[in-house]
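The values are calculated or read from the model by the stated rules, or taken from the named source; none is laboratory data. None of the values given here were measured: they were computed from a predicted structure. When we count neighbours, we look across all protein chains shown, and the Cβ atoms used for this are built from the backbone with ideal geometry, even at glycine.
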Amino acid sequence: MSIDLIAVDLGASGTKIIRGSFNGKQLDINKIGYVNSFHYEKNNLSWWDFTKIYDSVTKVIDKATKHYDVESVGFDSWGVDFGLLDKKGNLINDPLQYRTMFRAKDHIRKIIEENRNYISKRIPTQFQPFNTVYQLLFYKKAHEELLKKADKILSIPSLFAYKLTGKKYYEFTQATTTQLYDYRANKWDYEMIKTLCIPEIFPEVVPPGTVLNSDKEYKVILPASHDTGSAFASVSAKSNQVMIISLGTWCLNGVVVSKLPKTKELLKHNYAVEGCADGRLRVIANTTGLWLFQKLKEQWDSTNNPVTYEKLVKMAEDAPSFSGFIDVDKEIFQKTKQMDYEIANESKKLSGKAPQTKNEIARIALESIALKIRKTKEDLEKLFGYRLNRIRIVGGGINNTLLCQMIANTTNLPVIAGPVDGTAIGNLLLQLLALNYVSSFEQGYELLTNSFEHIEYNPHNTSMWDKAFDKFIKMIEQNYTIS
């Protein structure tokens, strides 16, 4: 007997819809649809076209149910973004696109400055201007009329679940991305919400794997509905000496812990604290990842000279090592439309060298991502007082084999890469657990190990990377500020 499930992995750059087929011993997957992440510009801000995304996704699901006996569908997405519902349950407006907050924050700069320390001490996590709390403060300043109409706030996956079931819940892993949910007390921080004059529009928070019945022929499940939570769920984190990296547009790199360090140390490193599928927490650095490559591809791609990701990797392979460095987390890289110019400019500022070719620009981007990951690895070791002994990487970024090897080289640790579709696979695992087809995470990890390919990268040329890292750190520390 085989059962069919669907994972909807909503991404900021596109949505993958994956069918999982489980026969009791093995989980097989195949992609059954892809939907663009439709958005539009209005009043110098970017907004998600939720109705267009929802209709496109559900069209694929409805088609799949005609071919397969689908038992359940689970939704995950990036964190922080949300929709507002009025008292009748209607979506008041399309969700704000989180990256637009790099522009919009200028409207609430004073509000951020006045409240940032208070917010960070109440809920210690990474400061980002796009955290849900700051988006709501932006609404309060610039779109108060919308906030006044709001009766409930829902994350993007919860909006999908609500549209299909009528149930209004926030799921734990998504709630921990808002900086409004106290992950230590497991509840919304209503004292802070009241102090910030944000309306009390927050629904009940449910655990990962919550099953919602619907009038459809399938159940709707909120897995670890934050995509990083589902990605981390696709690899075993039994040992706290394993560094896990979810590698894609962003590079989410950190460790799963049972005990948190002191608030002062978390804030010093600007680490995010987020919920995991099993109820534990992870401490991670939210680093810019292959966003740099995505923007270079957009910029360099043309009809006469098409540029694929494979070609970009080959260009980087053909360039000399360590011709320059950048701090990939500089805010300019989130806003620019001229990525190659900014990489060259930042390299000149930081290392005194401007790359001369596109090949060099591509390599500088990858080497700098790898070196920033090593910095996080060493900072985590100092913070927790023990050595990490291996790295697990999941996500589409593992198709960039050059970057995977660079990460092994610079950290001097073995890297195990896989599965590629880690987020969707973690989503499917949570569905199997919720439906009792898998009895425990341990059984689930054994299933995934037997079902999907993993590639191991062993470190090479470590002394060369050590010298480069020393230079990189000196340059970063001389120029480093948290924006």
So the helices (runs of 4 or more DSSP H) completely within the range 373-467 holding 2 or more residues that are over 30 Å from Val73 (Cβ atoms) are 401-411
For the range 40-57, indicate whether the set of residues that are buried (at least 18 other Cβ atoms within 10 Å of the Cβ), modelled with pLDDT under 95 and either out of contact with any strand residue (DSSP E or B) (no Cβ under 6 Å at 6 or more places or on another chain) or farther than 25 Å from Thr288 by Cα (or both) is non-empty.
no
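Condition test on Tyr68, is it within 22 Å of Asn213 (Cβ to Cβ), out of contact with any Ser or Thr (no Cβ under 7 Å at 6 or more places or on another chain) and in contact (Cβ under 8 Å) with a residue 24 or more places away in the chain?
Numbers: within 22 Å of Asn213 (Cβ to Cβ): yes; out of contact with any Ser or Thr (no Cβ under 7 Å at 6 or more places or on another chain): yes; in contact (Cβ under 8 Å) with a residue 24 or more places away in the chain: yes.
Criteria met by Tyr68.
Asn131 - would you say it is over 12 Å from Ala104 (Cα atoms), of a type in the set (S, T, N, Q) and under 23 Å from the mean Cα position of the chain (by Cα)?
Details: over 12 Å from Ala104 (Cα atoms): yes; of a type in the set (S, T, N, Q): yes; under 23 Å from the mean Cα position of the chain (by Cα): yes.
Yes: the conditions hold for Asn131.
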Residue in the range 6-23 that is farthest from Asp227 (Cα to Cα), counting only those that are at pLDDT 95 or above and small (Gly, Ala, Ser):
Ser21
Return yes or no: is Gly385 closer than 28 Å to Phe22 by Cβ and not hydroxyl-bearing (Ser, Thr, Tyr)?
no
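Residues are listed down the side, and each one gets a yes or a no for (1) in contact with a helix residue (DSSP H, G or I) (Cβ under 6 Å, 6 or more places away or on another chain); (2) more than 30 Å from Leu5 (Cβ to Cβ); (3) among the hydroxyl-bearing types (Ser, Thr, Tyr):
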site	(1), (2), (3)
Lys152	no, no, no
Leu180	yes, yes, no
Pro199	no, yes, no
Val206	no, no, no
Leu212	yes, no, no
Please go through (1) buried (at least 18 other Cβ atoms within 10 Å of the Cβ); (2) in contact (Cβ under 8 Å) with a residue 60 or more places away in the chain; (3) farther than 23 Å from Gly396 by Cα for Asn270 and return the number of the only condition it doesn't satisfy.
(1)
Anything in the range 1-58 that is among the aromatic types (Phe, Trp, Tyr) and under 22 Å from Gly422 (Cβ atoms)? List them, or say none.
Phe22, Tyr34
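Say whether the condition of being within 24 Å of Ile343 (Cα to Cα) and not aliphatic (A, V, I, L, M) is met by at least one residue in the range 420-441. Explain how you work it out, then say what you get.
Step one: list which residues in the range 420-441 are within 24 Å of Ile343 (Cα to Cα), which gives none.
No: zero hits.
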What's the number of the only condition in (1) crowded, with 18+ Cβ neighbours inside 10 Å; (2) under 26 Å from Asp151 (Cα atoms) that Val73 fails to meet?
(2)
The lone exception for Asp106 - which of (1) surrounded by fewer than 17 Cβ atoms within 10 Å (Cβ to Cβ); (2) closer than 30 Å to Val35 by Cα it fails:
(2)
What pairs come out if I take residues in the range 432-450 that are over 13 Å from Ser234 (Cβ atoms) and pair them with residues that are surrounded by 13 or more Cβ atoms within 10 Å (Cβ to Cβ) and among the basic types (Lys, Arg) whose C-beta lies under 8 Å away, six or more apart or interchain?
Leu435/Lys219
Go through the range 1-24 and report how many residues are in contact with a Ser or Thr (Cβ under 9 Å, 6 or more places away or on another chain) and either of a type in the set (Ser, Thr, Tyr) or surrounded by fewer than 17 Cβ atoms within 10 Å (Cβ to Cβ) (or both).
7
Do we find a residue being over 23 Å from the mean Cα position of the chain (by Cα) and either at pLDDT 95 or above or outside any helix (DSSP H, G or I) (or both) anywhere in the range 262-270?
yes
Subset of the range 172-210, residues farther than 19 Å from Phe130 by Cα and exposed (fewer than 15 other Cβ atoms within 10 Å of the Cβ), comes to Arg184, Ala185, Asn186, Lys187, Tyr190, Glu191, Lys194, Thr195, Glu200, Glu204
Pairs, please: C-beta under 6 Å, at least 6 apart or cross-chain, first residue touching a residue at least 24 places away in the same chain (Cβ under 8 Å) and in the range 155-168, second basic (Lys, Arg)?
Tyr162/Lys168; Lys168/Lys152
